[in-house]
1. Put +1 on the Cβ of each Lys and Arg and -1 on the Cβ of each Asp and Glu in the chain; which of Val43, Met61, Gly87 then has its Cα farthest toward the positive end of the dipole?
2. If you line up the long axis of helix 63-75 against the longest principal axis of the chain, both from Cα atoms, how many degrees apart are they, to the nearest 10?
3. Hey, what do the phi angles of the stretch 33-41 turn into as Karplus ³J(HN,Hα) couplings, whole Hz, using 6.51/-1.76/1.60 and θ = phi - 60°, x for Gly and Pro?
4. Run the quick spin-label model on Arg78 and His128: label points 7 Å from Cα toward the beta carbon, then report their separation in nm to one decimal.
5. Amide H of Ser55 versus every other amide H placed in the peptide plane: which residues, excluding those fewer than 5 positions away on the same chain, fall under 5 Å?
6. Taking the 0 to 90 degree range and rounding to the nearest ten, how far is the long axis of helix 106-116 tilted relative to the main principal axis of the chain, both from C-alpha atoms?
7. Calculated from DSSP H runs of 4 or more alone, at -39500 (n - 2.57) each and per residue, what is the 222 nm mean residue ellipticity of the chain, nearest 500?
8. Can you compute the modelled spin-label distance between Ala13 and Ala41, with each label point 7 Å from Cα toward Cβ, in nm?
Amino acid sequence: MTYNRGPIADPAAFARDASAASWLFLCGEEFAAMDGGMSYADVQAAVPESVNIVSDPPREMTMELARRQIDALDQLPRPTAVTCRAGPRSSALVYLYSGLQSRATADEVIARAEADHAPFAQNDDLTHWVRQGLDELA
């Protein structure tokens, strides 16, 4: 899985550079209307398989949303791109998913994210969401 670390200027190039076979897109259509935004149609044009689970602000990252995202990741072929507007939410999901798959502890996952400078690692709300997910969804 690959996540973004900022806005994606060229969805097709992003998918090609990541060798993505699929894409989980976490943005709603309002992002497409923003300057520098992109639409789910852009994602669909870039990869053979994709899923759109709107998870961008002001939506709250909940365990129900985590379950839907994880279910989508379980179904999508690899490698899978996972993106949000700038990277925090997508990186939180990637680390949550990876931690669940490896049965890592929350402390191990957060430590790895901090060492990797993952975009979510400095966000208390997303760090809490990852910890909660590792506890409740394991």
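1. It is Val43.
2. Rounded to the nearest ten degrees, it is 60.
3. Whole-Hz 3J(HN,Hα) from phi for the stretch 33-41: 7, 7, 4, x, x, 9, 9, 5, 4.
4. Result for the modelled spin labels: 3.3 nm.
5. Result for Ser55 returns Cys27, Gly28.
6. So the inclination is approximately 50 degrees.
7. Numbers: 7 runs with 71 residues, N = 138.
Value at 222 nm, helices only: -15000 deg cm²/dmol.
8. Between Ala13 and Ala41, the simple spin-label model gives 2.2 nm.
Readers should treat all values here as calculations from the given coordinates under stated rules, not as data from a laboratory. What you see is a predicted model, and the numbers here were worked out from it, not measured in a lab. In this analysis, Cβ positions are derived from the backbone assuming ideal geometry, glycine residues included, and neighbour counts consider all displayed protein chains.
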